[in-house]
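Right, one structure below, let's go through it.
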Amino acid sequence: MARLLERMTLLEKIGQMTQVDVHSLRDGAVREFGIGSVLSGGGGNPTPNNSSAWAEMVRRVQSEALESRLGIPLLYGVDAIHGHNNLHGATIFPHNVGLGAARDADLVERIGQVTASELLATNVHWTFAPAVSVPQDIRWGRTFEGFSQDPALVSSLGAAFIRGLNGNQRPVLASPKHFMGDGGTTWGSTRRYEWVQGWWNSEEPDRWQLDQGDLRADEASLRSVHLPPYEEAIEAGALSIMISYSSWNGEKLHAHRYLLTDVLKGELGFQGFLVSDWLGVSQLDSNFEKAVCLGINAGLDMVMVPYEYERFISAVEAGIETGIIPASRIEDACRRILQVKAAVGLFDEPFGDDALLPLVGNAAHRAVAREAVVKSQVLLKNEAAALPLSPDVRRLLVAGAAADDIGLQCGGWTIEWQGGRGAITTGTTLLQGISATVSPGTSVAFQPDGDFGGERGDVGIVVLSELPYSEGEGDRFDLALPAEEVELVRRVRRQCDLLVLVIYSGRPLIIGEVLNSCDALVASWLPGTEAHGIADVLFGRRPFTGRLPYDWPETMDDVRSRNGRAPLFPISYGLTTAGRPPD
């Protein structure tokens, strides 16, 4: 790397520090500026959205990088946070909240391996994952990205995912995020930036209230709760870390030299590079050039610009010319980036592996996802051993639109940034899983609104769901069930002898109004594309073994005031059942 650095011009070094959104690049820009990284943000997909088109899109920009003066390959990054989740037809795993309920590090490592395989099939070498946040307030819209409120569990599973990404013949670069304390912010502390055109400027009363907010805590608390996952991530081989939008006691992490340089690179000995989040540097100051200098001097090595890359390059160049940014800082950043590219093998093989294309979304990969769904289900209530159900039940009523909706079961960060409803990708819904599990003689009736025309069922299954969301769009002041969902449960209760309630959610919800209406209650989290794993445990093909990764509160006052009252169900709670081998 030393010899390559000696050959590089200043602008080529700055180019390596520049990360650009793929749809913002003009033709020839990667070659001209020696751009170091290109990304697809949430929903930054090619048309058509399939494996071949993805592989071609990434190959095109990588080929252009290889045509630059020094031919330095670029890193292509995506938010593959529960599988290659932007790609239609990819295997979509449960979100991290479900994997926290499964508590199976070996499983999470295998999920990392499958994710790496499907990324490399499309020439992608970098995922902005895993999130190793430690959420302390479940109103946060990114709670589902956190494995748990317990730092030890987050640390263990985050490290396992990184090992999985590194475990194939060709490693994929992980980027644990968001350094650090993003899960501990205070409600209402999120700032608005009138000079930045961004979603966080929403004025809706319960959006963008926790996400990107301020962690108000002493250093001992910061270190004990939020630092351990990064220590284990580095030990597991993490070579890039993404910095948080949030602040610590009022100081933005993107400009926090003490935490980025002194603690992370100095004290912890991190040898990889630090990357900003989308427009994160732009938030530092209304003067873009000053903001860029603040971020780089704090320790950022690569900046997710993601649009105005020429302006960014000029800003860094001007900062060096005026002496605001030391030349040694640019040397260090570029060296770190090049060393990571070498470590993941980009100089030897800048593309992925076309032989992996037929494996995207294949049966073996989906079997791992189905296993993850099975192990993530948490049985919260099981009166009179209502579960497991017999596959020979005579008449079964299934209600709730979510029972037959791939988008609702996958949640946010699926195909689009905010997710979507309906058949947004390929997979199996719970209704399909139920229909494939019950005996031929079982009558299965499905009505999304729960109106079965007065016909009674031996068993009713109602599936409730949060609507998909991500980031601050999912911040919610009130996590109580909507009135129409409460009424849906009560309607079906009147039409069946035994009622099973299944909840798709990215966090615990307030369920007091329906708890007494059901005989059995299952927290299914956001299971991804393989929801027949839920049918596996409902009908006893597999046992319930999942345990809560978060305290499950009884009321919203328990959440907002943190009054210390015992939760409705404490962390680690989960009933078990016996399972039997599949037929």
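The values are calculated or read from the model by the stated rules, or taken from the named source; none is laboratory data. Note that the coordinates shown come from a computational prediction; the quantities given were computed from them, not determined experimentally. We place every Cβ from the backbone using ideal geometry, glycine too, and count neighbours over all the protein chains shown.
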Considering only the stretch 67-85, I want to know if a residue exists there that is small (Gly, Ala, Ser), out of contact with any Cys (no Cβ under 7 Å at 6 or more places or on another chain), at positive phi and without any contact (Cβ under 8 Å) to a residue 12 or more places away in the chain. yes
Quick one: which residue in 211, 206 is part of a loop (DSSP other than H, G, I, E, B) and either among the aromatic types (Phe, Trp, Tyr) or under 18 Å from residue 247 (Cα atoms) (or both)? 211
The stretch 139-152 - residue that is out of contact with any helix residue (DSSP H, G or I) (no Cβ under 6 Å at 6 or more places or on another chain) and surrounded by fewer than 24 Cβ atoms within 10 Å (Cβ to Cβ) and, of those, nearest to residue 554 (Cα to Cα): 139
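What do you reckon, is residue 329 of a type in the set (Lys, Arg) and within 19 Å of residue 534 (Cβ to Cβ)? Lay out the reasoning, then the answer.
On the way: of a type in the set (Lys, Arg): yes; within 19 Å of residue 534 (Cβ to Cβ): no.
Against the criterion (of a type in the set (Lys, Arg) and within 19 Å of residue 534 (Cβ to Cβ)), residue 329 does not qualify.
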Being under 14 Å from residue 330 (Cβ atoms), in a helix (DSSP H, G or I) and not polar (S, T, N, Q) is the filter here, so list the residues in the stretch 256-297 that pass it. 292, 293, 295, 296
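Quick one: in the stretch 562-577, of everything that is farther than 23 Å from residue 534 by Cβ and out of contact with any strand residue (DSSP E or B) (no Cβ under 6 Å at 6 or more places or on another chain), which residue is surrounded by the fewest Cβ atoms within 10 Å (Cβ to Cβ)? Walk me through it before giving the result.
Looking only at the stretch 562-577, we keep the residues that are farther than 23 Å from residue 534 by Cβ, and these are 562-567, 570.
Restricting the remaining residues to those that are out of contact with any strand residue (DSSP E or B) (no Cβ under 6 Å at 6 or more places or on another chain) gives 562-566, 570.
Details: 562: 11, 563: 10, 564: 6, 565: 12, 566: 10, 570: 12.
Restricting to residues being farther than 23 Å from residue 534 by Cβ and out of contact with any strand residue (DSSP E or B) (no Cβ under 6 Å at 6 or more places or on another chain), the top hit is 564.
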State yes or no: is residue 80 out of contact with any Gly (no Cβ under 8 Å at 6 or more places or on another chain), within 26 Å of residue 355 (Cβ to Cβ) and in a helix (DSSP H, G or I)? no
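If we scan the stretch 396-411, do we find a residue that is under 25 Å from residue 447 (Cα atoms), within 18 Å of the chain's Cα centre (by Cα), at pLDDT 95 or above and outside any helix (DSSP H, G or I)?
Let us first name the residues in the stretch 396-411 that are under 25 Å from residue 447 (Cα atoms), namely 396-411.
Applying the additional criterion that residues be within 18 Å of the chain's Cα centre (by Cα) yields 406-411.
Restricting the remaining residues to those that are at pLDDT 95 or above gives 406-411.
Those left that are additionally outside any helix (DSSP H, G or I): 411.
For the stretch 396-411, residues under 25 Å from residue 447 (Cα atoms), within 18 Å of the chain's Cα centre (by Cα), at pLDDT 95 or above and outside any helix (DSSP H, G or I): present.
Surrounded by fewer than 21 Cβ atoms within 10 Å (Cβ to Cβ) and hydroxyl-bearing (Ser, Thr, Tyr): is that true of residue 189 in this structure? Give the steps one after another, and end with the answer.
Working: surrounded by fewer than 21 Cβ atoms within 10 Å (Cβ to Cβ): yes; hydroxyl-bearing (Ser, Thr, Tyr): yes.
Spelling it out, residue 189 is indeed surrounded by fewer than 21 Cβ atoms within 10 Å (Cβ to Cβ) and hydroxyl-bearing (Ser, Thr, Tyr).
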State whether one or more residues within the stretch 459-473 are assigned to a loop (DSSP other than H, G, I, E, B) and more than 19 Å from residue 504 (Cβ to Cβ). no
Pairs, please: C-beta under 8 Å, at least 6 apart or cross-chain, first residue over 18 Å from residue 165 (Cβ atoms) and in the stretch 345-371, second among the acidic types (Asp, Glu) and part of a helix (DSSP H, G or I)? 361/118; 370/536
Pick from the stretch 282-319 the residues that are under 18 Å from residue 198 (Cβ atoms) and small (Gly, Ala, Ser): which of them is surrounded by the most Cβ atoms within 10 Å (Cβ to Cβ)? 295
Checking residue 207 against (1) touching a residue at least 60 places away in the same chain (Cβ under 8 Å); (2) touching a strand residue (DSSP E or B) at 6+ places or on another chain (Cβ under 8 Å), only one condition comes out false. Which one? (2)
For residue 43, work out the one condition from (1) assigned to a loop (DSSP other than H, G, I, E, B); (2) at negative phi it doesn't fulfil. (2)
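Somewhere in the stretch 471-485, is a residue of a type in the set (Gly, Ala, Ser), more than 26 Å from residue 547 (Cβ to Cβ), modelled with pLDDT of 95 or more and surrounded by 15 or more Cβ atoms within 10 Å (Cβ to Cβ)? Talk me through it step by step, then tell me what you get.
Step one: filter the stretch 471-485 for residues of a type in the set (Gly, Ala, Ser), giving 472, 474, 480, 483.
Checking the rest, the ones that are also more than 26 Å from residue 547 (Cβ to Cβ) come to 472, 483.
From what's left, modelled with pLDDT of 95 or more: 472, 483.
Filter once more, so that each one left must be surrounded by 15 or more Cβ atoms within 10 Å (Cβ to Cβ): 472.
Looking for residues that are of a type in the set (Gly, Ala, Ser), more than 26 Å from residue 547 (Cβ to Cβ), modelled with pLDDT of 95 or more and surrounded by 15 or more Cβ atoms within 10 Å (Cβ to Cβ), one finds at least one in the stretch 471-485, hence yes.
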In the stretch 234-281, how many are buried (at least 24 other Cβ atoms within 10 Å of the Cβ), within 23 Å of residue 127 (Cα to Cα) and of a type in the set (Lys, Arg)? 0
So how many residues does the stretch 365-399 have that are touching a strand residue (DSSP E or B) at 6+ places or on another chain (Cβ under 7 Å), small (Gly, Ala, Ser) and within 15 Å of residue 501 (Cα to Cα)? 2
So residue 290 fits all but one of (1) touching a residue at least 12 places away in the same chain (Cβ under 8 Å); (2) among the charged types (D, E, K, R); (3) farther than 22 Å from residue 234 by Cα; what number is the exception? (1)
Residues of the stretch 123-135 being touching a strand residue (DSSP E or B) at 6+ places or on another chain (Cβ under 9 Å) and either under 21 Å from residue 62 (Cβ atoms) or part of a loop (DSSP other than H, G, I, E, B) (or both), which ones? 123, 124, 125, 126, 127, 128, 129, 130, 132, 133
Pull up the stretch 326-372, narrow it to residues that are outside any loop (DSSP other than H, G, I, E, B) and of a type in the set (Asp, Glu), then point me to the one that is modelled with the lowest pLDDT. 354
Out of curiosity, is residue 68 surrounded by fewer than 24 Cβ atoms within 10 Å (Cβ to Cβ), in a helix (DSSP H, G or I) and either modelled with pLDDT under 95 or among the hydroxyl-bearing types (Ser, Thr, Tyr) (or both)? no
Where the second residue is among the acidic types (Asp, Glu) and the first is closer than 13 Å to residue 177 by Cβ and lies in the stretch 259-284, which pairs have Cβ atoms under 8 Å and are six or more apart or on separate chains? 274/301; 275/301
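Just checking, does the stretch 217-229 include any residue being in contact with a strand residue (DSSP E or B) (Cβ under 7 Å, 6 or more places away or on another chain) and buried (at least 20 other Cβ atoms within 10 Å of the Cβ)?
The answer is no; no qualifying residue exists.
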